[in-house]
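The values are calculated or read from the model by the stated rules, or taken from the named source; none is laboratory data. Just so it is clear, the model here is predicted, and its values are computed rather than measured. Cβ atoms come from the backbone with ideal geometry, glycine included; neighbour counts cover every protein chain shown. In case anyone asks, the SASA skips ligands and DNA or RNA and just uses the protein heavy atoms, side chains included. Shrake-Rupley method; radii C 1.70, N 1.55, O 1.52, S 1.80 Å.
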Amino acid sequence: MTDGRQSWVSDLVGATQLLTRIPLGSLGNNSQSADQSRAVWAYPIAGAIVGAMGALIYAISDWAGAPNLIAAFLAIGAVVLVTGALHEDGLADTSDGFGGGNDIESKLTIMRDSRIGTYGMLAIIFSIGLRVGAIAALDSVALVAGVLIAAGALSRAAMPVLMIILP
């Protein structure tokens, strides 16, 4: 394997390991430790993989005859499982801090607390409910797949932009 290809694979594996819980087996073990500042280009690809997994679960559920709502719940559940609920955890922490704190220091203390509060739980319920409802309302498996893959890629593509813009 050439250095360029090895670097490319290392970046993609590193991004996937950081952003997902996908077991990469020997590929992940043999890969050089990725420089995450160099691997950010691969974040959208890792996001597209996450979206594709949700789309696959939706397609299988649809093929098995599940109603759209059930298929959508299973697809979003797969996305949450693949990401290790990283986004839901962050949403809950942020919501608890903004909802429960009176000043910056108390908001930060609440956000660092590993327990979930009322605001955090409500934010997760609304977030999952909105995502499931939106997916269930789509007309076709192909449209669901396109939306999930695009959402996964675009949301991860925003991460490097925010890294550049924010201190």
Problem set entry | Filtered residue count, the stretch 54-88, keeping only those that are within 30 Å of Ser10 (Cβ to Cβ), assigned to a helix (DSSP H, G or I) and within 11 Å of the chain's Cα centre (by Cα) | 10
Exercise. Across the stretch 89-121, what is the total count of residues that are touching a helix residue (DSSP H, G or I) at 6+ places or on another chain (Cβ under 6 Å), open to solvent by less than 80 Å² (accessible area, probe 1.4 Å) and either part of a helix (DSSP H, G or I) or in contact (Cβ under 8 Å) with a residue 60 or more places away in the chain (or both)?
Worked result: 12
Exercise. So which of Ala15, Ala75 is modelled with pLDDT of 95 or more and open to solvent by less than 20 Å² (accessible area, probe 1.4 Å)?
Worked result: Ala75
Problem set entry | Residue list for the stretch 122-140, restricted to those being among the small types (Gly, Ala, Ser) and not in a helix (DSSP H, G or I) | Ala137, Ser140
Exercise. Using beta carbons and a limit of 8 Å, which pairs, at least six apart or on different chains, have the first residue in the stretch 61-73 and under 15 Å from Gly129 (Cβ atoms) and the second one open to solvent by less than 80 Å² (accessible area, probe 1.4 Å) and among the aromatic types (Phe, Trp, Tyr)?
Worked result: Ala72/Tyr58
Exercise. From the list Trp8, Trp41, which residue is open to solvent by 90 Å² or more (accessible area, probe 1.4 Å), of a type outside the set (D, E, K, R) and modelled with pLDDT under 85?
Worked result: Trp8
